[in-house]
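Take a look at the structure set out below.
The values are calculated or read from the model by the stated rules, or taken from the named source; none is laboratory data. Note that this is a predicted model, so its numbers are computed, not measured. Note that each Cβ is placed from the backbone with ideal geometry, even for glycine, and that neighbours are counted across all protein chains shown. What goes into the accessible areas is simple: the full protein's heavy atoms, side chains included, and nothing from ligands, DNA or RNA. Shrake-Rupley method; radii C 1.70, N 1.55, O 1.52, S 1.80 Å.
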Amino acid sequence: MEVIEVTDLRKSYGDTVAVDGVTFTVRAGETFGIVGHNGAGKTTTVECLIGLRRGDAGTVRVLGEDPARRRRALAQRLGVQLQDSSLPERLKVAEALRLFGALYRDAADWRRVMDRWGLRPLARKAFGDLSGGQRQRLMLALALVGDPEVVVLDELTTGLDPIARRETWRLIGELKAAGTTVVLVSHYFDEIEALCDRVAVLARGRVAATGTTGELVARTGTASLEEAYLALEGADR
Amino acid sequence: MRAFTALAAAELRLLARDPASLFFMVAFPLMLLVLKRGDSGAVPGYLAMIAAIGGMGALPGLLASYRERKVLKRLATTPISPVLLLGAQLVAQVAAGLAGSALLVVVTIAVFGAQPPGNVVLLAAAFLLCSVMVCALGFVIAAVVRNTRGASLIGMLVMFPMIFLSGAAVPRKVLPGSLRQIGDFLPLTPAVEALGDAWSGTAAVFPLLILAGIIVAATAAGAALFRWE
């Protein structure tokens, strides 16, 4: 079953074409990666997926709904971690989790989410006093506190140290095992390789290729996803 | 409703944690009252001042910073409606102002032995209208001025002259004629009048109607101009 269907999505800001005909599908329970340069159209695509933007043309369906029209209904079933978003400086970790839990109809128990993501020791710490990695971990936990069916994570492990990164990978693995559909936007190829079932390579607002890491590597005659990406991105130029 | 209550409660808690808000909405009016030796005639004006400091002095910078730091954007990906999100800010500001005002009124009566307000219900209604009105003006400032520093600064630049010329901080009687005339056109002036009327117990409907009109106009302008990012 397709959980996300994007067909010929287009979006321009003035004269700048951000997304120029993007098409891909994500199946239920799949972990799907979106890779690409800065400016390749990743963030605009993600913002159309979660209903923050409406495309100029094309269709987007998430769990059968049009996010641009049914953003709030869809938001009940969607968990989102945005690139460099933040919280009020004086809001404490436990308060943030409790607050976000209260925003969803069927939320997970925020205390369990706090324990699971190792945030208990930081419960009484204010957002403004957290380190970059701690903030990232909290924002991830907030994406999951609504007990979502689909999770969209934009730049998952940016700012995390290697140990925290591995720990995050392990937790994403658990999500996957629980049947949650995950969309991962990243420019860390090792991360995409380790976590994703399939990948869409975005270049200049288009999908240059979609497939498993193995398929992309085989198609380009390269040795790794990173090399495959560079070959595809170059071929598209 | 649960989401709205949780958000408003969180915002109120954040206000209570902010030393500047706490000082200007609670301690500062009490200090002025002491300097005035507990003169209850000044109190209705101070109530308007408390509301104005929250709605125009603090709210625009707060909203602009939420927008700039992508707090609003993050909340926009949750099921809460954008209107409720701003509504929670308003409720928190009004509640904080109400707490500061209640304390000021109680101290005026209990410590300085002033006569209680003539019409408490009307006083509360006037305060609510006044508080919602200044918050609506604060939304307009946050809608027009995009960055945090600019919104804070413009909020202060609008708020300070207004509290002096509208009779909130000092009685309009003491102002020279030309400055008093400016006050006639400021939105806080009918708020000070309404609060003063309610305090003395001489109910007048007209200032309340003006406040309601300003609320409608400013909310419409704010809604049309406000940008989420």
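Please enumerate the residues belonging to region A:9-30 that are in a strand (DSSP E or B) and more than 20 Å from residue A:64 (Cβ to Cβ).
Keep residues of region A:9-30 that are in a strand (DSSP E or B), which gives A:9-13, A:16-27.
Across region A:9-30, the qualifying residues are A:10, A:11, A:12, A:13, A:16, A:17, A:18, A:19, A:20, A:21.
Here are some conditions: (1) within 27 Å of residue A:133 (Cα to Cα); (2) exposed (fewer than 14 other Cβ atoms within 10 Å of the Cβ). Residue A:218 meets all but one. Which one does it not meet?
Unmet for residue A:218, out of (1) within 27 Å of residue A:133 (Cα to Cα); (2) exposed (fewer than 14 other Cβ atoms within 10 Å of the Cβ): (1).
Here is a yes/no grid of residues against (1) farther than 22 Å from residue B:127 by Cβ; (2) more than 14 Å from chain A (Cβ to nearest Cβ); (3) open to solvent by less than 10 Å² (accessible area, probe 1.4 Å):
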{"position": "B:9", "(1), (2), (3)": "no, no, no"}
{"position": "B:17", "(1), (2), (3)": "yes, no, no"}
{"position": "B:26", "(1), (2), (3)": "no, yes, no"}
{"position": "B:33", "(1), (2), (3)": "no, yes, yes"}
{"position": "B:48", "(1), (2), (3)": "no, yes, yes"}
{"position": "B:58", "(1), (2), (3)": "no, no, no"}
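Of the conditions (1) open to solvent by 50 Å² or more (accessible area, probe 1.4 Å); (2) free of Cβ contacts under 8 Å to residues at least 40 places away in the same chain; (3) within 11 Å of chain A (Cβ to nearest Cβ), residue B:102 fails just one. Which one is it?
(3)
In this structure, does residue A:119 turn out to be open to solvent by less than 10 Å² (accessible area, probe 1.4 Å), facing chain B (nearest Cβ under 10 Å) and touching a residue at least 12 places away in the same chain (Cβ under 8 Å)?
Taking the combined requirement at face value, the residue does not satisfy it.
Being within 16 Å of the chain's Cα centre (by Cα) and assigned to a strand (DSSP E or B) narrows it down to one of A:47, A:5, so name that one. Steps first, please.
Numbers: A:47 fails: assigned to a strand (DSSP E or B).
It is A:5.
Taking the options A:166, A:135, name whichever one is in contact with a Gly (Cβ under 9 Å, 6 or more places away or on another chain) and surrounded by fewer than 23 Cβ atoms within 10 Å (Cβ to Cβ).
Working: A:166 fails: in contact with a Gly (Cβ under 9 Å, 6 or more places away or on another chain).
The conditions single out A:135.
Can you tell me which of (1) touching a Phe, Trp or Tyr at 6+ places or on another chain (Cβ under 6 Å); (2) away from every other protein chain (no Cβ under 14 Å) is the one residue B:84 doesn't meet?
Residue B:84 satisfies every listed condition except (2).
When the residues of region A:207-236 are filtered to those that are assigned to a loop (DSSP other than H, G, I, E, B) and touching a residue at least 12 places away in the same chain (Cβ under 8 Å), which remaining residue is nearest to residue A:81 (Cα to Cα)?
Going residue by residue through region A:207-236, those that are assigned to a loop (DSSP other than H, G, I, E, B) are A:212, A:221-224.
Right, trim to touching a residue at least 12 places away in the same chain (Cβ under 8 Å) and you get A:212, A:224.
On the way: A:212: 24, A:224: 27 Å.
So the residue we want is A:212.
What residue, among those in region B:181-225 that are open to solvent by 70 Å² or more (accessible area, probe 1.4 Å) and outside any helix (DSSP H, G or I), is farthest from residue B:143 (Cα to Cα)?
Looking at the filtered set, the residue picked out is B:202.
Could you tell me whether residue B:58 is part of a helix (DSSP H, G or I) and over 17 Å from the mean Cα position of the chain (by Cα)?
Judged against the criteria, residue B:58 is not a match.
With the requirement that a residue be within 13 Å of chain B (Cβ to nearest Cβ) and open to solvent by 20 Å² or more (accessible area, probe 1.4 Å), what does region A:30-52 give you?
A:43, A:52
What number of residues within region A:56-72 are within 28 Å of residue A:135 (Cα to Cα) and more than 7 Å from chain B (Cβ to nearest Cβ)? Let's see the steps before the verdict.
Of the residues in region A:56-72, the ones within 28 Å of residue A:135 (Cα to Cα) are A:62, A:67, A:71-72.
Filter once more, keeping what is more than 7 Å from chain B (Cβ to nearest Cβ): A:62, A:67, A:71.
Total meeting the criteria: 3.
Just give me the residues in region B:67-84 being assigned to a helix (DSSP H, G or I) and open to solvent by less than 10 Å² (accessible area, probe 1.4 Å), in sequence order.
Within region B:67-84, the subset assigned to a helix (DSSP H, G or I) is B:67-68, B:71-75, B:82-84.
Listed by number, the residues that qualify are B:71, B:72, B:74.
Within region A:92-100, is even one residue open to solvent by less than 10 Å² (accessible area, probe 1.4 Å) and over 30 Å from residue B:18 (Cβ atoms)? Break it down stepwise before answering.
First, pick out the residues of region A:92-100 that are open to solvent by less than 10 Å² (accessible area, probe 1.4 Å): A:93, A:96-97, A:100.
After this cut, where a residue has to be over 30 Å from residue B:18 (Cβ atoms) as well, the list is none.
No, because not a single residue in region A:92-100 is open to solvent by less than 10 Å² (accessible area, probe 1.4 Å) and over 30 Å from residue B:18 (Cβ atoms).
When both residues are 6+ apart or on different chains and their Cβ atoms are under 6 Å apart, which pairs have a first residue that lies in region A:87-115 and is free of Cβ contacts under 8 Å to residues at least 24 places away in the same chain and more than 7 Å from chain B (Cβ to nearest Cβ), and a second that is small (Gly, Ala, Ser) and not in a helix (DSSP H, G or I)?
Taking only residues 6 or more apart or on different chains, not a single pair turns up.
Determine whether residue B:128 is more than 13 Å from chain A (Cβ to nearest Cβ), at pLDDT 95 or above and either touching a Ser or Thr at 6+ places or on another chain (Cβ under 6 Å) or surrounded by fewer than 16 Cβ atoms within 10 Å (Cβ to Cβ) (or both).
Values: more than 13 Å from chain A (Cβ to nearest Cβ): yes; at pLDDT 95 or above: yes; either touching a Ser or Thr at 6+ places or on another chain (Cβ under 6 Å) or surrounded by fewer than 16 Cβ atoms within 10 Å (Cβ to Cβ) (or both): yes.
For residue B:128, the condition - more than 13 Å from chain A (Cβ to nearest Cβ), at pLDDT 95 or above and either touching a Ser or Thr at 6+ places or on another chain (Cβ under 6 Å) or surrounded by fewer than 16 Cβ atoms within 10 Å (Cβ to Cβ) (or both) - is met.
Could you run through region A:101-116 and say how many residues are within 18 Å of residue B:80 (Cβ to Cβ), open to solvent by 30 Å² or more (accessible area, probe 1.4 Å) and either at pLDDT 95 or above or of a type in the set (Val, Ile, Thr) (or both)?
1
Does residue B:126 meet the test of being over 22 Å from residue B:20 (Cα atoms) and small (Gly, Ala, Ser)? Can you show your working first?
Numbers: over 22 Å from residue B:20 (Cα atoms): yes; small (Gly, Ala, Ser): yes.
Against the criterion (over 22 Å from residue B:20 (Cα atoms) and small (Gly, Ala, Ser)), residue B:126 qualifies.
Out of the residues in region A:73-85 that are within 7 Å of chain B (Cβ to nearest Cβ), at negative phi and surrounded by fewer than 21 Cβ atoms within 10 Å (Cβ to Cβ), state the one that is modelled with the highest pLDDT.
Going residue by residue through region A:73-85, those that are within 7 Å of chain B (Cβ to nearest Cβ) are A:75-76, A:80, A:82, A:84-85.
Going one step further and asking which of them are at negative phi, we end up with A:75-76, A:80, A:82, A:85.
With surrounded by fewer than 21 Cβ atoms within 10 Å (Cβ to Cβ) added as a condition, the list becomes A:76, A:85.
On the way: A:76: 96, A:85: 90.
Residue satisfying both the conditions and the ranking: A:76.
Counting only residues that are open to solvent by 40 Å² or more (accessible area, probe 1.4 Å) and either part of a loop (DSSP other than H, G, I, E, B) or in contact with a Phe, Trp or Tyr (Cβ under 7 Å, 6 or more places away or on another chain) (or both), which one in region A:193-206 is nearest to residue A:16 (Cα to Cα)?
Taking region A:193-206 and keeping what is open to solvent by 40 Å² or more (accessible area, probe 1.4 Å), we get A:193-194, A:197, A:204, A:206.
If we keep only those that are either part of a loop (DSSP other than H, G, I, E, B) or in contact with a Phe, Trp or Tyr (Cβ under 7 Å, 6 or more places away or on another chain) (or both) too, we end up with A:194, A:197, A:204.
Details: A:194: 34, A:197: 32, A:204: 11 Å.
Selected residue: A:204.
Against the definition (surrounded by fewer than 21 Cβ atoms within 10 Å (Cβ to Cβ) and more than 30 Å from residue A:152 (Cα to Cα)), how does residue B:116 come out, yes or no?
Working: surrounded by fewer than 21 Cβ atoms within 10 Å (Cβ to Cβ): yes; more than 30 Å from residue A:152 (Cα to Cα): yes.
It is true that residue B:116 is surrounded by fewer than 21 Cβ atoms within 10 Å (Cβ to Cβ) and more than 30 Å from residue A:152 (Cα to Cα).
Do we have residue B:155 as small (Gly, Ala, Ser), open to solvent by less than 60 Å² (accessible area, probe 1.4 Å) and farther than 15 Å from residue B:193 by Cβ here? Walk me through how you get there before you give the answer.
Numbers: small (Gly, Ala, Ser): yes; open to solvent by less than 60 Å² (accessible area, probe 1.4 Å): yes; farther than 15 Å from residue B:193 by Cβ: yes.
Criteria met by residue B:155.
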